[in-house]
Amino acid sequence: MAEAPESRSTARSTVPWTRKDLLGIEELSADEIRLILDTAESFREVAERPIKKVPTLRGKTVVNLFFESSTRTRSSFEIAEKRLSADGLNFSASTSSLSKGESLVDTALNLQAMAPDLIVIRHAYPGAPHLLARRLKAGVINAGDGAHEHPTQALLDAFTIRQHKQQIQGLKVSIVGDIEHSRVVRSNIHLLGKLGAEVTVAAPRTLMPVEMESMGVKVVHSLDEAIEGADVIMMLRIQLERQGKMRFPSTREYFNLFGLTTERMARAKDDAIVMHPGPMNRGVEIASEVADGPTSVILEQVANGVAVRMAVLYLLSGVRSEDGRDA
Amino acid sequence: MSDERPLVIRGGRVVDPSQDLDANVDLLLEDGVVARLGEKGESIDAPDGAEEVDASGLVVCPGLIDIHVHLREPGQEHKETIRTGTMGAAAGGFTAVVCMANTDPVNDDAAVTELILSQARRAGFARVYPLGTVSKGMKGEAMAEMGEMVASGAVGFTDDGVVVAHPELMRRALLYTQHYGVPVAQHAEDLRLTGDGVMHEGEWSTKLGLKGIPRSAEDVIIARDLILLAETGGRYHVQHLSTVGGVELVRAAKERGLPVTCEVTPHHLFLTDKAIADSDFSTDCKMKPPLRAESDRQALLAGLVDGTIDCIASDHAPHHPDEKDVEFSVAPYGILGLETTVPLCLDRLVHGGVLPLSRVIALLSTEPARVMGLPGGSLAEGSPADVTLLDLDAEVTVDRAKMRSKSRNTPFHGWQLKGRAAGTIVGGRRITLP
């Protein structure tokens with residue numbers, strides 16, 4: 001795992017963090033992205049300590065408001081909160097707040113009354129975190145809103161790429177799979193574009209949203225074409241639970257068309273890395289030999305997720321306490 | 001409405017597209033009709049006891065008619081009532097509205113039709129012409145009792161809110177309505193193509209991650225209905241046209257002489273799907289059909305200019321603020337229109353140089369009257385004494401808090417526009433709002 005602090009420090013950001021919320025990557029500047037990544041760098045070593053805890057967010061309250069099931073992202077936020085000594089509260093709710101008779105805004109206002117500093121929200125509907133952010137004094141972190149954005153995932157992906165490739169500028173990154181239903185792809189396209197990578201997206205035509213080129217990416221419909229010369233290959237989960245019957249005939253056919261195998265990896269650059277935001281469907285979008293192979297950085301992504309989320313929690317809580325003591 | 005005092009409107013610029021008139025003349029309204037249109041330079045003698053209206057600096061035109069309005073009564077009075085809806089109509093310059101049938105209960109029989117009309121008479125702010133449902137219970141299966149409803153005052157039929165999906169039902173409705181000479185109005189949307197879409201499928205649905213509604217959802221129904229219409233005859237009206245393809249289909253059908261008409265809404269003329277991104281997922285930008293792309297908007301404007309599109313209608317669709325204050329994906333479809341249509345059309349179409357004033361007035365009065373077979377839309381002697389006064393140069397800032405509607409769901413809040421309605425006269429009676 002190559003470390004190249006010199007290249008990072010040359011790009012080190014000096015902008016202050018001024019946002020109340022982290023709703024998406026789209027609205028961030030390259031400098032703000034670098035600030036988060038650089039901050040995450042300093043939190044990474046906390047995981048290597050015998051006592052994995054710093055007092056940074058002592059006395060801060062963070063609510064994890066998950067309207068959609070999530071193991072990985074929620075655990076990652078929870079661990080990040082605990083390592084920062086914040087008080088975390090988990091609040092799970094059914095996908096539709098309406099089914100319980102309480103609106104999202106009311107749910108949030110009730111939480112607000114308990115004066116949390118930050119609210120981490122995962123919701124099946126695009127724009128739900130934006131609705132909250134407009135109403136709440138607490139900072140809002142988008143932990144995934146439908147197929148719109150998943151900013152901390154893109155940040156941890158960038159953090160992982162930077163670890164391996166030193167810089168993102170000029171890299172050829174290919175993102176393959178269910179582009180239409182993926183919030184990960186949208187956040188990654190914004191982030192990688194802002195940091196100067198060249199992004200290609202690949203999917204069967206039935207999983208590619210219309211006018212995808214308008215996001216500033218190259219669109220292909222062949223896995224081989226996507227892999228050719230790539231520095232980074234990011235495989236997306238086929239969201240089997242979200243597929244109607246008309247997207248593709250079977251997972252077997254999908255694997256034949258778009259499944260990543262060792263053979264197909266031959267077209268990529270020799271030092272290419274393979275990423276996956278998880279959870280994986282082995283044998284559907286990715287063969288086990290690749291997922292567990294030497295080019296895979298999938299578990300590093302998970303590890304880095306904690307550091308990146310610590311950085312985000314830290315930066316956002318700093319804004320909240322401006323009128324009080326130092327964060 | 002006919003036992004009113006006579007009313008003389010003096011000093012205004014009378015623009016009546018039905019008789020190609022644009023002149024400074026006086027107008028006498030008496031016994032509920034236009035009794036006299038003065039000559040140029042002539043001052044009409046006011047009959048004894050007549051009320052005088054000074055219209056100097058104003059345009060005097062046939063009462064405006066909005067043929068696509070959801071008044072929500074009966075059943076959804078928390079959104080709007082016939083009283084508040086018609087107050088909004090009057091405030092917005094409309095002397096008549098055509099109300100949709102998707103109330104609760106739906107307007108699928110004469111009793112509901114009569115209830116609507118009696119509430120409208122009680123309110124007295126504008127004329128109300130109900131459309132009945134095409135199908136019983138608006139379920140898309142059996143035909144509703146159309147003849148009974150016509151006898152009670154329905155002026156046509158629609159299942160608006162949802163499509164008449166079944167081709168055989170649409171075919172038989174087009175045949176059966178010919179007995180009454182009334183139109184069938186279609187909300188053209190193949191729900192199987194809409195799927196769980198909530199906005200136009202295009203660049204912005206892709207960027208926002210919201211499920212898209214393809215243009216084809218609208219176009220395939222219009223195409224199918226036009227094929228049926230060629231077989232059946234009758235009068236077919238496409239509601240709220242929104243796509244390039246829809247405009248082309250209607251244009252081609254008209255060239256073939258088919259009895260088809262269509263309407264367009266101000267929001268489809270003046271907004272695109274980008275508004276959803278610009279407003280950070282505002283549910284006031286959510287309606288059906290969805291705001292489309294710029295290419296569609298341009299096609300709609302072209303269709304309006306070349307006459308393919310017959311008229312402008314607002315699709316006034318009030319929803320309570322609580323219902324709209326939710327995630328975009330689950331918010332109800334629809335926005336207000338009665339109080340923004342006139343300022344938008346005067347500002348963007350007239351002052352914007354897209355169409356001459358007389359044509360815009362036609363699109364809001366003479367043409368909708370023709371499309372729905374309604375009285376009005378003219379100031380010729382003997383016509384109903386329905387008049388709208390327009391102030392072309394008034395500066396307006398759209399303010400949702402000041403609207404007469406019970407609801408607040410408009411994407412035009414804060415827009416600065418030039419031109420507004422300055423008053424309405426219905427059946428020879430000046431409408432004053434409480």
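Points worth noting:
- Accessible surface comparison of B:Arg83, B:Arg72, probe 1.4 Å, protein chains only, largest first: the order is B:Arg83, B:Arg72.
- Qualifying GluC sites (Glu not before Pro) in the stretch B:92-172, where qualification requires a DSSP coil assignment and no more than 12 other C-beta atoms within 10 Å, comprise B:Glu141.
- Across the stretch A:103-112, coupling constants 3J(HN,Hα) worked out from phi with the 6.51/-1.76/1.60 Karplus curve, θ = phi - 60°, read 7, 4, 4, 5, 4, 5, 5, 5, 5, 4 Hz, and Gly and Pro carry x.
- Measuring r between the beta carbons of B:Val354 and B:Ser279 and using R0 = 30 Å, the FRET efficiency lands at 0.75.
- Separation between Cα centres of the stretch B:339-397 and the stretch A:143-180, rounded to whole Å: 53 Å
- Placing unit charges on the Cβ atoms only, positive for Lys and Arg and negative for Asp and Glu, gives the protein assembly as shown a dipole magnitude near 2240 debye about its Cα centre.
- A:Asn90 versus B:Ser56: modelled label distance in nm, points set 7 Å from Cα along the beta carbon direction: 7.8 nm
- Under Karplus coefficients 6.51, -1.76 and 1.60, residue-wise ³J(HN,Hα) of the stretch A:284-299 in Hz, glycine/proline x: 10, 9, 8, 7, 4, 4, 7, 4, 9, x, x, 7, 7, 10, 4, 6
- Charge-dipole axis of chain B as Lys and Arg at +1 and Asp and Glu at -1 on Cβ define it, positive-most pick from B:Leu304, B:Gly41, B:Gly88: B:Leu304
- Residues whose amide H comes within less than 5 Å of that of A:Asn90, counting only those at least five positions distant or on another chain, are A:Asn64 (H built at 1.01 Å from N in the peptide plane).
- Residue with peak Gaussian network fluctuation, chain B [Cα springs, cutoff 10 Å], from B:Val155, B:Val326, B:Val59: B:Val326
- Residue ranking by accessible heavy-atom surface, 1.4 Å probe, largest first, among B:Glu395, A:Glu81 comes out as B:Glu395, A:Glu81.
- Three-way shape label, chain A, alpha-carbon gyration tensor, a/c 1.5: oblate
- Sequence-distant residues sharing a close amide H with B:Cys262 (under 5 Å, placed H): B:Val238, B:Asp310, B:Cys311
- Phi-based couplings in Hz for the stretch B:121-129 (Karplus 6.51, -1.76, 1.60; Gly and Pro marked x): 5, 4, 5, x, 9, 7, 6, 10, 10
- Rounded, prolate or oblate (a/c below 1.5 giving rounded, otherwise prolate when a/b exceeds b/c) for the stretch A:32-175 by Cα gyration tensor: oblate
- The amide H of B:Ala142, built 1.01 Å from its N in the peptide plane, has B:Lys136 as neighbours under 5 Å, considering only residues 5 or more places off or on other chains.
- Restraint check, A:Lys137/B:Lys286; A:Lys52/A:Lys194; B:Lys211/B:Lys406; B:Lys324/B:Lys406; A:Lys218/B:Lys288; B:Lys139/B:Lys286, Cα-Cα greater than 22 Å: A:Lys137/B:Lys286; A:Lys52/A:Lys194; B:Lys211/B:Lys406; A:Lys218/B:Lys288; B:Lys139/B:Lys286
- Extent along principal axes [Cα atoms of the protein assembly as shown; Å; largest to smallest]: 101, 61, 44
- Per-residue SASA entry for B:Arg172, accessible area with 1.4 Å probe, Å² rounded to 10: 110 Å²
- Expressed to the nearest 5 percent, the antiparallel share of DSSP beta bridges inside chain A is 5 percent.
- Rounded if a/c under 1.5, otherwise prolate or oblate - the stretch B:75-183, Cα gyration tensor axes: prolate
The values are calculated or read from the model by the stated rules, or taken from the named source; none is laboratory data. These numbers were taken from a predicted model, which means no experiment stands behind them. In this analysis, Cβ positions are derived from the backbone assuming ideal geometry, glycine residues included, and neighbour counts consider all displayed protein chains. When the accessible area is computed, the model is the full protein with side chains, heavy atoms only, and any ligands, DNA or RNA have been set aside. Shrake-Rupley method; radii C 1.70, N 1.55, O 1.52, S 1.80 Å.
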